[in-house]
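The values are calculated or read from the model by the stated rules, or taken from the named source; none is laboratory data. Please read these numbers as outputs of a predicted model, since none were measured by experiment. Heads up, the Cβs are rebuilt from the backbone with ideal geometry, glycines too, and the neighbour counts pull from every protein chain shown. The area values use the complete protein model at the heavy-atom level, side chains included, leaving out ligands, DNA and RNA. Shrake-Rupley method; radii C 1.70, N 1.55, O 1.52, S 1.80 Å.
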Amino acid sequence: MNEMVTKDDGKTGDAGASAMWGGRFSAGPAEIMARINASIGFDKRLYRQDIAGSRAHCRMLMDTGIIPRADGEAILTGLDQVLQEIEDGRFVFKTALEDIHMNVEARLREIIGPAAGRLHTARSRNDQVATDLRLWTRDAIDGLDGALQGLQRALITQAEAHADAVMPGFTHLQAAQPVTLGHHLLAYVEMVGRDRGRLRDARARLNESPLGAAALAGTGFPIDRHATAAALGFDRPMANSLDAVSDRDFAVEVLAALSLCAVHLSRLAEELVIWTSAPFGFVRLSDRFSTGSSIMPQKRNPDAAELVRAKTGRVVGHLTGLLMVMKGLPLAYSKDMQEDKEPLFEAVDTLALGIAAMTGMIGDLTVHRDRLAAAAGAGFSTATDIADWLVRALGMPFRDAHHVTGAIVKLAEARGVGLEDLSLEDLRTVEPRITEDLRLDAAGSAAGRASVGGTAPDRVRAACAEARTRFLAEDGP
């Protein structure tokens, strides 16, 4: 029996596609038609979901008396064998059988005989593939959620370790105000948290069962769609059979969430590329995530970060591609929709790889706190502290304080020194009421910004604990 699944000659004869769906056809498809029509090259990864859906459908057919129980039990046993053969690598997927559904059904017929033909009662490949893809996407979301949680854990751990590491905060990539590295990293924890939320929202919306919608109009058999939905972990059956087989909103929505997540990874990757460069030298990637040069022995290239940044284009491109597939399709199913799987599969794979790489890079990161501190006060980054002090200590309107501070910055710039290098007498040439209470060091600046969501080290430590509670429940506060 196993010999029957060890050869794929690619032909479409009596055991090929025409025997499965071609009762009204006198000949099999042209070779080029077979090639463009087949999806088994990529949809074979749906085998677990396809067999799970078939098992639920079979049990329902037995329970409702639509098929004899003996045939149903034989089908379930045969499906177990098919699953085992695929898991063991003994199953040969045949291009001539087009897709995962026909490959499984054909092998089932080889194992149990004509009773296998009863499995497709009251269903179509249209509702079958829609069910499979929803199940696969649900599993993919669960896997990505765990991976993203791992990235958050790595970021929070580094944020806790560097809650008081002062560094420059940037706008326009120009030094703006001192912040702490812990505060900076926690911004990405929030981004990833929103990514996880979007995926969970998409999961909730997709968790309805198309099974039982059949080709497009439902079925005349007395099926129990609520039973199959419950058996597969769906919340409910989809309400409209046309929508059930033609909807791919769930795939588009997930791709949109993946695209934004990839953009967030890309932004963090860009920071790592900048921070590891010689002019910055803020951090160092480990050897595990760096490469060298074939000609320049001194080089340490942040290739992993660069590739995470680059692969964002793939994910966003797949979103655009699927939107273009769907934009002109009338109800219900069209073969165009076969093109839904590869974009989703590759986007999930690409993002999963990017998350793993970023988690590794963050976890292994070496931080050069001295370089961060040296750069923290550059570019007159404590200027806003002067304006704030003038408002608090002297009661000066902020716009007036802004003007006075600008004059102080101009003075420091003319002398070629930093704000912290100006003496009290220098400051008083601009505003005579300034006292020695005005601090212009970067660490003091950061420590003073203790508002909720601020960069003060104590505030960052509290935010890390809160983030562990919110995002890493198993770690505790």
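Here segment 31-118 has 51 percent of its accessible surface on carbon and sulfur atoms, given a 1.4 Å probe and all protein chains in place.
Between helix 457-471 and the chain there is an angle of about 10 degrees, using the helix long axis and the longest principal axis of the Cα atoms. Taking a point 7 Å from the Cα of ALA393 along the Cα-to-Cβ direction, the residues of segment 419-457 with backbone N closer than 14 Å to it are 420, 422-441, 445.
Sorted on the mean count of surrounding Cβ atoms within 10 Å across their residues, most packed first, peptides 439-445, 278-284, 373-379 read 439-445, 373-379, 278-284.
Take every Cα pair under 8 Å whose residues are at least 6 apart in sequence, average their separation, divide by the length of segment 375-456, and the relative contact order is 31 percent.
A convex hull fitted to the Cα coordinates of segment 31-118 yields 92 cubic angstrom per residue. Backbone geometry of segment 351-367 corresponds, through the Karplus equation with coefficients 6.51, -1.76 and 1.60 at θ = phi - 60°, to 3J(HN,Hα) couplings of 5, 4, 5, x, 4, 4, 5, 5, 4, x, 4, 5, x, 8, 5, 9, 9 Hz, x marking Gly and Pro. Note on ALA30/ASP249: beta-carbon distance plugged into 1/(1 + (r/R0)^6) with R0 of 35 Å gives a FRET efficiency of 0.55. So, R0 is 41 Å and r is the distance between the beta-carbons of PHE280 and GLU342; what FRET efficiency does that work out to, to 0.05? After rounding to 0.05, the efficiency reads 0.55. In plain terms, the chain from LEU424 to ALA378 could stretch by 14.6 nm, reckoned as 0.36 nm per residue minus the Cα-Cα distance. The shape of segment 319-398 comes out oblate: with a ≥ b ≥ c from the C-alpha gyration tensor, a/c is at least 1.5 while a/b does not beat b/c. Which entries in the list LYS44/LYS94; LYS44/LYS335; LYS44/LYS341; LYS94/LYS341 go over 22 Å, if you measure between the two C-alpha atoms of each? Pairs exceeding 22 Å: none. Size estimate for the chain follows the Kirkwood approach: the inverse of mean 1/r over distinct Cα pairs works out to 26.6 Å. Express the carbon and sulfur contribution to the solvent-accessible surface of segment 156-315 as a percent, rounded to the nearest whole number, probe 1.4 angstrom. The nonpolar share, carbon plus sulfur, comes to 54 percent. Once both labels are positioned 7 Å from their Cα atoms along Cα-to-Cβ, the gap between ASP145 and LEU76 label points is 2.9 nm.
With contributions of -39500 (n - 2.57) from each DSSP H run of at least four residues, the per-residue ellipticity at 222 nm computed over the chain stands at -19500 deg cm²/dmol. When nucleic acids and ligands are ignored and a 1.4 Å probe is applied, SER259 ends up with an accessible area of around 10 Å². Based on the alpha-carbon gyration tensor of segment 375-456 and its eigenvalue square roots a ≥ b ≥ c, which shape applies: rounded if a/c is under 1.5, prolate if not and a/b is larger than b/c, or oblate? Taking the square roots of the gyration eigenvalues as a ≥ b ≥ c, segment 375-456 is oblate.
Remark: segment 375-456 carries 53 Å² of accessible area per residue (probe radius 1.4 Å; ligands, DNA and RNA excluded).
Relative to the longest principal axis of the Cα atoms of the chain, the long axis of helix 398-415 lies at roughly 70 degrees.
A simple spin-label model places the labels of HIS226 and ASP349 4.1 nm from each other, with each point 7 Å out along Cα-to-Cβ.
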